[in-house]
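Report on the following structure.
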Protein chains: 2
Amino acid sequence: MADEALSAGTVARRLGVAVTTLRTWHQRYGLGPSEHVPGHHRRYTPADLARLETMRRLTANGVAPAEAARWAVQAPDAALPAPAPAPAPAPGPGPRIERRGARDGGGATIPVGRSGPAARGLARAAMRLDSNAINEVIDRAIRTDGVVTTWDTLLRPVLAGIGERHAATAALIEVEHLVSRCVSEAFAAVVRAHAPHGPPRILLSCADEEQHSLPLEALGAALAETGIAHRLLGARVPVRALLEAVNRTGPAAVVLWSQTRSTADPTQLTALLAGPHRPLLVFAVGPGWRADSLPAGVVRPVDLAEALSLAAAVRDSLDQPAAG
Amino acid sequence: MADEALSAGTVARRLGVAVTTLRTWHQRYGLGPSEHVPGHHRRYTPADLARLETMRRLTANGVAPAEAARWAVQAPDAALPAPAPAPAPAPGPGPRIERRGARDGGGATIPVGRSGPAARGLARAAMRLDSNAINEVIDRAIRTDGVVTTWDTLLRPVLAGIGERHAATAALIEVEHLVSRCVSEAFAAVVRAHAPHGPPRILLSCADEEQHSLPLEALGAALAETGIAHRLLGARVPVRALLEAVNRTGPAAVVLWSQTRSTADPTQLTALLAGPHRPLLVFAVGPGWRADSLPAGVVRPVDLAEALSLAAAVRDSLDQPAAG
DNA sequence: TACGAGTTGCGTCGATTCATGCGTCGATTT
DNA sequence: AAATCGACGCATGAATCGACGCAACTCGTA
């Protein structure tokens with residue numbers, strides 16, 4: 001693979017920095033050619049270049065150089081705020097539930113489609129308002145399949161089914177509340193069970209006016225499951241309060257959830273990026289956000305799993321005096 | 001060079017306090033970086049951080065800052081005075097652990113009045129959005145004093161203080177949300193911990209449009225603690241949904257919570273009594289209800305303890321063959 | 001009940017320290 | 001000969017420093 005060995009000057013020109021800077025980065029941060037004999041010329045392989053590219057993109061987004069370098073060294077291809085967001089339309093992670101079939105009983109049932117027996121069982125327990133049974137099902141599912149899978153294949157379908165019924169029949173409000181509560185509690189239990197390592201560096205918050213916090217709680221539980229500490233603000237967080245929280249706690253990353261388009265005001269993201277304690281990374285998560293209206297420097301994971309892996313990348317970044 | 005030399009700002013963010021506070025702690029209590037040349041930047045080693053962490057934990061538990069600092073300086077890894085430390089008498093109904101030195105003040109704080117050190121610690125933890133500390137304090141309080149006492153002497157005062165501040169300054173919304181969530185989770189944990197004996201015969205529900213469900217959750221947790229199973233519907237339960245739930249589950253008693261007068265529509269109570277599956281007992285709980293407007297046959301406990309004892313009475317009466 | 005004293009967290013201000021990108025210089029590599 | 005190397009130093013803006021003061025809270029006392 002040595003057919004591409006770029007010289008220092010070439011790389012420098014490509015990145016738009018001075019040659020000296022490359023040398024500085026090498027000796028200050030260890031961010032240089034993987035194999036380099038002191039005294040000899042530096043030869044950058046494509047991998048090295050990718051690392052430098054990461055460094056450049058991070059710093060271009062305001063990340064402190066020292067931290068950006070650390071990040072670049074250990075996660076060369078870390079997903080980053082791409083200047084041109086992927087042309088993914090915004091269908092949202094809305095679970096496409098088959099509303100047909102699933103005939104379960106005579107009266108008012110919850111359509112869960114082909115989401116497996118557990119979902120049907122959960123739906124039945126919900127209809128009975130049997131919180132014990134609900135808890136049991138959820139707990140077992142989480143214990144068996146983990147938070148992410150449980151959320152995607154069990155909870156979200158059932159909640160969506162309830163919501164659908166609720167929208168159609170204007171009934172089942174109690175059921176919806178009860179299940180939401182149980183889910184929320186289950187997630188909380190997960191968080192409590194997994195003692196977080198260090199201080200929470202990730203802040204989860206709903207967008208202003210956004211009422212649905214369950215998906216965020218799912219993310220929080222998934223994070224906890226992975227051993228990543230976080231802070232969850234909850235639903236309906238005004239922008240001012242969010243900024244205040246960011247200012248007070250200085251998180252490395254902020255996740256802002258928006259369920260519906262009406263709550264997806266990009267201004268909030270802009271405000272986050274412009275605030276005094278600018279977070280390293282800002283995530284816009286949820287079906288509400290429109291990819292084309294996001295300000296530059298905002299990452300938009302498409303589902304829980306992606307958000308999780310991105311957050312894990314954040315975790316790996318140790319903090320150190322940040323300047324610049 | 002120390003592999004980890006955290007700057008003042010980083011440490012401050014980690015702890016959830018302002019940078020200025022770190023400096024203040026240093027010069028007031030001597031709680032600073034072990035080696036620090038005046039005029040130069042402070043560099044906190046892991047050991048220093050541990051000391052500060054101790055400080056944080058102690059203050060979160062209500063210890064006066066001055067004393068907490070003294071403690072932290074000489075015993076960096078001091079274990080929490082959790083179960084029964086020497087200088088702490090039994091925190092009975094009068095949690096007057098130490099009458100002096102528990103002052104508080106400064107900046108945006110939460111007024112808790114003379115509600116004991118635990119309340120102060122909780123308020124402090126809340127201000128720094130430290131959910132771990134919040135959980136810790138609440139859990140210990142519940143474990144030590146039980147749900148009712150904890151609610152009356154710790155949680156309600158603090159929540160009221162936050163609400164007061166919030167109403168006055170329009171700030172602290174995040175704090176309010178976070179604490180509410182933690183309280184809710186703590187109650188849920190209590191309910192989960194105490195496996196209910198039989199089928200739930202008591203239904204707890206918020207009045208229509210009523211958003212505050214925390215007091216109800218407190219009642220639910222207290223019931224669970226006493227071994228009484230219950231069903232909790234949650235906030236904002238429309239009358240139709242309530243009746244539907246009563247109809248489906250046929251509870252022996254229904255508790256309807258109203259926080260403010262605007263949600264205390266007596267019609268709901270009347271509807272309950274007139275429904276097909278008339279509950280044995282209907283409770284109207286909460287400050288919203290007006291005694292003179294309640295329909296006949298509705299009981300109105302004045303506080304959590306009374307509601308609890310009445311509910312216990314219900315449970316006992318169920319053991320006897322009820323004459324109808 | 002009201003009031004003053006003591007505590008305490010934190011905002012502000014001018015001065016200083018630090019991190020960082022890059023220019024320069026003599027020696028070495030290509 | 002051109003490019004680069006390692007070392008050194010400089011300019012600049014962000015972060016921090018120390019000092020001061022404020023405001024809010026609690027508690028003892030009148």
task: Would you mind giving the mean number of other chain beta-carbons within 10 Å of the Cβ of each residue in A:243-250, as a whole number?
output: 6
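Rounded, prolate or oblate: which fits segment B:175-324 when a ≥ b ≥ c are the square roots of the eigenvalues of the alpha-carbon gyration tensor, with rounded for a/c under 1.5 and prolate only if a/b beats b/c?
On the way: a/c = 1.60, a/b = 1.08, b/c = 1.48.
Since a/c reaches 1.5 but b/c is at least a/b, the shape of segment B:175-324 is classed as oblate.
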task: Over all alpha-carbon pairs in segment B:1-78, figure out the percentage whose distance exceeds 15 Å.
output: 50
task: Would you mind computing, in nm to one decimal, how far apart the modelled labels at B:Ala274 and B:Arg261 are, each placed 7 Å from Cα along Cα→Cβ?
output: 2.5
- prompt: What are the label-to-label distances in nm, one decimal and shortest first, from B:Gly250 to the same spot in the other copies, with labels 7 Å along Cα to Cβ?
  reply: 6.2
task: Note the distances from A:Ala50 to each other copy's matching label point, with points 7 Å along the Cα-to-beta-carbon direction, in nm, sorted shortest first.
output: 4.0
message: 7 Å along Cα→Cβ for the label point: how many nanometres lie between B:Ser309 and each equivalent label in the other copies, listed shortest first?
response: 6.1
- prompt: How far apart, in nm, are two points set 7 Å out from the Cα along the Cα-to-Cβ line at B:Ser34 and at B:Val302?
  reply: 5.9
- prompt: In whole percent, what relative contact order does segment B:147-285 give with Cα contacts below 8 Å and a gap of six or more residues?
  reply: 23
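So, R0 is 45 Å and r is the distance between the beta-carbons of B:Ala195 and B:Thr109; what FRET efficiency does that work out to, to 0.05?
Values: r = 40 Å, r/R0 = 0.88.
So, using R0 = 45 Å, E works out to roughly 0.70.
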- line: Residues whose built amide H sits under 5 Å from the amide H of B:Gly62, excluding neighbours closer than 5 in sequence, are B:Gly121
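Could you order the peptides B:33-40, A:6-13, B:61-68 from most to least packed, using the average number of other C-beta atoms within 10 Å per residue? Walk me through the intermediate numbers first.
Details: B:33-40: 10.5, A:6-13: 16.0, B:61-68: 21.1.
Listed from highest to lowest mean packing, they are B:61-68, A:6-13, B:33-40.
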query: Taking each residue of A:221-233 in turn, how many C-beta atoms of other protein chains fall within 10 Å of its C-beta, and what is the average?
result: 2
task: Just tell me how shielded B:16-27 is by partners: mean number of partner chain Cβ atoms within 10 Å of each residue's Cβ, no decimals.
output: 1
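Values quoted throughout were computed directly from the atomic coordinates according to the rules given, and no laboratory measurement underlies them. These figures come from a predicted structure and were not determined experimentally. Here the Cβ is made from the backbone with ideal geometry for all residues, glycine too, and neighbour counts use every protein chain on show.
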